[in-house]
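These notes are about the structure you will find just below.
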Amino acid sequence: MPRSALDRLWLRGGYPRSFLAQDDEASFRWRTNLVRTYLERDIPELGLRVPSSTLRRFWTMVANAHGTIWNASEFARAFGVADTTVRRYLDLLTATFTVRQLQPWHANLAKRQVKSPKIYVTDSGLLHRLLDIETRSQLDGHVKVGASWEGFLIEQVLRQLRVERGEAYFWGTYAGAELDLLVVRVSTKLGSEFKRMDASSVTASMRSALEDLELDRLDVVHAGKATFALSERVRAVAASRLIDELAAI
């Protein structure tokens, strides 16, 4: 995919009328209307009795927590409700495919591993609307730019590989080792890390993931132009070539 198209897809998201809009302003306006329709019409039509203002506030909080570990207590305190209530809100958004809960992988290791899911707004365009990001320059300067990039590329990988439920995870330990995405399919384990900068070296965290998870391959997907080997079983993959690379798997 050309880099210009990839950048537009990242900013505007994958809804056709948003992606194909005449300009960023029109795209942003369409997503504004989509959010309103989803909250005020679609959710009630499903028989779900959550006030639209409450769910919008919750969805916006999820957007601000995009790419982080789910913390029910923190959300519950913000709303003044029980943990089970905010968990219900999260599951509602997950069931309607607007939020992804990426579950943790538990390896048989003598290490304390993260056991709560990571949360992401599924469509990058909706994420940017909830964060009030309209242009690429606003996105580049936003504190969530790295997390946005990560979530966007996770969705591209999962869609291209046609990953089914129970095949996608993240991995993390309390000692700091982590892996953004782990795809487990039969006996094959594919790992992915997502970097906004050019990939140039294998980190200690990557080495730990390779060894502890026994990965068949680890791809470091980056914003640069080149795809090249970093070491045995590790390669840097240009995001603009990601779809072609995955098609070869």
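The values are calculated or read from the model by the stated rules, or taken from the named source; none is laboratory data. The structure presented is a predicted model; accordingly, all values stated were derived computationally and were not measured. Ideal geometry is used to build each Cβ from the backbone, glycine not excepted, and the neighbour counts take in all protein chains shown.
Brief remarks on what is shown
- Verdict on LEU190 being among the hydrophobic types (A, V, I, L, M, F, W, C), in contact (Cβ under 8 Å) with a residue 12 or more places away in the chain, under 30 Å from THR32 (Cα atoms) and buried (at least 16 other Cβ atoms within 10 Å of the Cβ): no
- Applying the criterion of at least 3 residues that are of a type in the set (A, V, I, L, M, F, W, C), surrounded by 14 or more Cβ atoms within 10 Å (Cβ to Cβ) and touching a residue at least 24 places away in the same chain (Cβ under 8 Å) to the helices (runs of 4 or more DSSP H) found wholly in segment 1-87 leaves 3-12, 24-37, 52-64.
- Only one of the numbered conditions (1) more than 30 Å from GLU211 (Cα to Cα); (2) part of a helix (DSSP H, G or I) is violated by SER148, and that is (1).
- Selected residue (criterion: farthest from the chain's Cα centre (by Cα)) from residues of segment 92-121 that are within 21 Å of LEU131 (Cα to Cα) and part of a helix (DSSP H, G or I): LEU92
- Number of the condition not met by ILE133 [criteria: (1) in a loop (DSSP other than H, G, I, E, B); (2) surrounded by 16 or more Cβ atoms within 10 Å (Cβ to Cβ); (3) at pLDDT below 95]: (3)
- For the condition more than 21 Å from the chain's Cα centre (by Cα), farther than 16 Å from GLU150 by Cβ and modelled with pLDDT under 85, SER208 does not qualify.
- Among the candidates SER53, SER18, residue that is of a type in the set (S, T, N, Q) and farther than 30 Å from LEU242 by Cα: SER53
- Counted residues, segment 186-243 - those being of a type outside the set (Asp, Glu) and either in a strand (DSSP E or B) or under 21 Å from LYS111 (Cα atoms) (or both): 31
- Residue in segment 142-163 that is modelled with pLDDT of 95 or more, touching a strand residue (DSSP E or B) at 6+ places or on another chain (Cβ under 6 Å), among the small types (Gly, Ala, Ser) and crowded, with 17+ Cβ neighbours inside 10 Å present: yes
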